[in-house]
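Inspection log for the structure reproduced underneath, given as structure tokens.
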Amino acid sequence: MTAIITLAALPGIAWLAAVLLRGGLLTTLLLVLLSGICFGYPFFHVAGGPIPLTADRLLFLVLVGQCLVWRKLGWTQSKPLDKADLALIAFISVLTISTLANDWHYEHNQPLARLLFYYLLPAGMYWVARQLPLDEGGTRRLLAAIAGFGVYLAATAVAEFLRLRGLVFPTYIVDGRYHEFLGRARGPLLNPTGNGYLLAIGLGALCLCWPRFNRVGQLVSLLLAALFLAGIYGTLTRCVWMGAVAMLLILAVLALPRAWRLPLAGGVVFAVALVAATQWDRLLNFQRDEGQAANDAAKSVQLRPILATVAWKMFLQRPLMGCGFGHYRQRYVDVLDDRDGELPLDTARPYVQHNVWLALLTETGLLGVGLFILLTAYWLRDAWRLWRSSRPLWARRMGLLFLATSGSYVCNAMFQDLAIMPMVNMVLFSLAGITAALRPDESGPA
């Protein structure tokens with residue numbers, strides 16, 4: 001049997017080797033992201049060891065090895081460390097110290113697993129991406145790949161929303177065994193918020209491809225944009241809708257001719273205000289998941305101030321270093337029984353923090369969340385400098401993509417902890433690394 005499996009695997013190994021040689025680091029990086037999003041743990045895994053093996057984890061090891069070989073051969077781009085890189089090193093160091101200084105065996109090694117899969121592997125993706133030798137053809141293929149994958153996500157989201165389950169692939173997306181968020185456009189990440197963030201990135205890449213299309217291509221793009229918007233609506237998640245609007249506004253303000261910016265931005269703001277004023281009750285009370293009561297959507301809104309209060313009380317107990325990375329659910333019992341305030345804090349017991357920054361604040365204190373804010377600020381600064389630089393448009397567009405999709409990230413991260421959703425940080429850090437690969441020198445134009 002082993003011999004048969006080996007013989008069957010040989011063509012796949014040969015194909016993968018050809019892809020790695022011809023496609024380079026960028027292709028392998030995209031394969032890691034694709035396999036992790038669509039063919040991750042729910043699709044395929046090999047259990048038995050301390051860490052289950054999945055396709056994306058194996059491909060990540062291939063990517064790191066390929067990058068080391070490429071560096072030895074001089075095929076990568078050598079860039080000196082800058083402030084963003086140093087901030088990332090400091091941030092990852094704080095997370096590692098916070099993990100190892102506390103009980104990292106808690107809940108079957110959950111703190112260590114979170115550190116590895118949600119931060120160390122994304123940092124590795126950033127390290128590889130910042131060394132990519134990108135040119136005009138590479139960035140064009142990259143945007144096309146992101147937009148094309150986004151079309152798949154959007155079509156899948158619409159099929160989920162319309163209950164056309166026979167059109168959904170992989171089939172685990174509509175498998176009732178994964179019951180959370182079933183009935184919404186949760187996508188291959190099985191989470192509508194994470195799926196909405198990916199849809200926003202795909203829509204942003206499609207918009208950036210617009211100038212290269214002829215009239216027929218632009219008409220097709222408009223139809224695909226409508227598909228994206230339908231998929232985003234199908235998530236039935238308010239922060240996803242806000243994130244999509246923020247992403248499109250940033251794109252419009254930064255990329256459209258000056259005469260169009262104010263009317264378009266004002267029109268969008270007016271439309272959003274009109275919808276909020278006339279449909280507020282419906283926005284607060286509507287059925288989202290299968291089997292969920294309509295007023296459960298309103299309860300999720302009421303939960304946010306409770307979670308924020310829990311985070312604040314936990315922060316006051318350990319303001320500098322927090323309660324320990326990955327230990328929120330272990331330590332929040334110290335404040336849930338507090339009856340001093342008016343809010344029923346105990347109702348937050350089944351939940352994790354629903355905010356990226358508050359989650360880091362409770363677990364890593366001011367040091368951890370401060371470094372994360374500093375890191376993202378440097379990333380945004382570099383993306384802005386790239387977009388405003390004198391580099392060719394094909395390079396500047398990647399800076400604009402990061403700036404625009406950061407609007408979606410911020411809106412979603414305010415209401416959900418995106419950092420604990422599989423592959424979200426892998427995508428975010430990869431985009432930041434690609435921006436770093438193209439960024440101008442510190443002495444270049446700002």
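In segment 122-133, the residues that are closer than 14 Å to Leu26 by Cβ and polar (S, T, N, Q) reach residues that are at pLDDT below 95 and not in a helix (DSSP H, G or I) with C-beta atoms within less than 6 angstrom, at least six apart or across chains, in these pairs: Gln131/Thr76; Gln131/Gln77. Check segment 215-223 and report whether any residue there is surrounded by fewer than 23 Cβ atoms within 10 Å (Cβ to Cβ), at pLDDT 90 or above, in contact with a Cys (Cβ under 8 Å, 6 or more places away or on another chain) and in a helix (DSSP H, G or I). The answer is yes; a qualifying residue exists. Considering the conditions (1) under 25 Å from Ala436 (Cβ atoms); (2) open to solvent by 70 Å² or more (accessible area, probe 1.4 Å); (3) in a loop (DSSP other than H, G, I, E, B); (4) not β-branched (Val, Ile, Thr), Gln77 is excluded by exactly one of them, (2). Is segment 283-296 home to any residue that is under 25 Å from Val335 (Cα atoms) and either at pLDDT 70 or above or out of contact with any strand residue (DSSP E or B) (no Cβ under 6 Å at 6 or more places or on another chain) (or both)? So far as segment 283-296 goes, yes, one or more of its residues are under 25 Å from Val335 (Cα atoms) and either at pLDDT 70 or above or out of contact with any strand residue (DSSP E or B) (no Cβ under 6 Å at 6 or more places or on another chain) (or both). Within segment 183-200, the set of residues being among the aliphatic types (A, V, I, L, M), open to solvent by 10 Å² or more (accessible area, probe 1.4 Å) and assigned to a loop (DSSP other than H, G, I, E, B) comprises Leu189, Leu190.
When segment 234-271 is filtered for residues that are open to solvent by 20 Å² or more (accessible area, probe 1.4 Å) and either charged (D, E, K, R) or in contact with an Asp or Glu (Cβ under 8 Å, 6 or more places away or on another chain) (or both), the ones remaining, listed by number, are Arg238, Arg258, Arg261. For Gly341, are the conditions met, namely being within 23 Å of the chain's Cα centre (by Cα) and either modelled with pLDDT under 90 or not charged (D, E, K, R) (or both)? Considered against the rule, which asks whether it is within 23 Å of the chain's Cα centre (by Cα) and either modelled with pLDDT under 90 or not charged (D, E, K, R) (or both), Gly341 comes out as no. Applying a threshold of 6 Å to beta carbon distances and a minimum spacing of six or more residues, or different chains, the list of pairs starting in segment 102-115 at a residue that is free of Cβ contacts under 8 Å to residues at least 12 places away in the same chain and ending at one that is open to solvent by 80 Å² or more (accessible area, probe 1.4 Å) and not in a helix (DSSP H, G or I) is empty.
Residues that are of a type in the set (A, V, I, L, M) and open to solvent by 30 Å² or more (accessible area, probe 1.4 Å) within segment 149-182 comprise Val151, Ala155, Val158, Leu162, Leu164, Leu167, listed in sequence order. Residues in segment 33-74 that are in contact (Cβ under 8 Å) with a residue 24 or more places away in the chain and outside any helix (DSSP H, G or I) were compared, and the one that is farthest from Gly187 (Cα to Cα) is Pro50. For segment 322-330, the count of residues that are exposed (fewer than 14 other Cβ atoms within 10 Å of the Cβ), at pLDDT 90 or above and under 20 Å from Leu371 (Cβ atoms) is zero. Checked against (1) open to solvent by less than 30 Å² (accessible area, probe 1.4 Å); (2) closer than 30 Å to Leu208 by Cβ, Val369 meets all criteria but (2). Among the candidates Leu95, Leu115, Leu86, the residue that is part of a helix (DSSP H, G or I) and loosely packed, with under 14 Cβ neighbours inside 10 Å is uniquely Leu86. Restricting to segment 27-68, what's the tally of residues that are among the β-branched types (Val, Ile, Thr) and at pLDDT 95 or above? The number of residues fulfilling the criteria is 6. For segment 339-361, state whether one or more residues are open to solvent by less than 10 Å² (accessible area, probe 1.4 Å), of a type outside the set (A, V, I, L, M), in contact with a Phe, Trp or Tyr (Cβ under 9 Å, 6 or more places away or on another chain) and part of a helix (DSSP H, G or I). The answer is no, given that none of the residues of segment 339-361 is open to solvent by less than 10 Å² (accessible area, probe 1.4 Å), of a type outside the set (A, V, I, L, M), in contact with a Phe, Trp or Tyr (Cβ under 9 Å, 6 or more places away or on another chain) and part of a helix (DSSP H, G or I).
The values are calculated or read from the model by the stated rules, or taken from the named source; none is laboratory data. A quick note: this is a predicted structure, and the numbers were derived from the prediction, not measured. Cβ atoms come from the backbone with ideal geometry, glycine included; neighbour counts cover every protein chain shown. Just the protein is used for accessible areas: all its heavy atoms, side chains included, with ligands, DNA and RNA removed. Shrake-Rupley method; radii C 1.70, N 1.55, O 1.52, S 1.80 Å.
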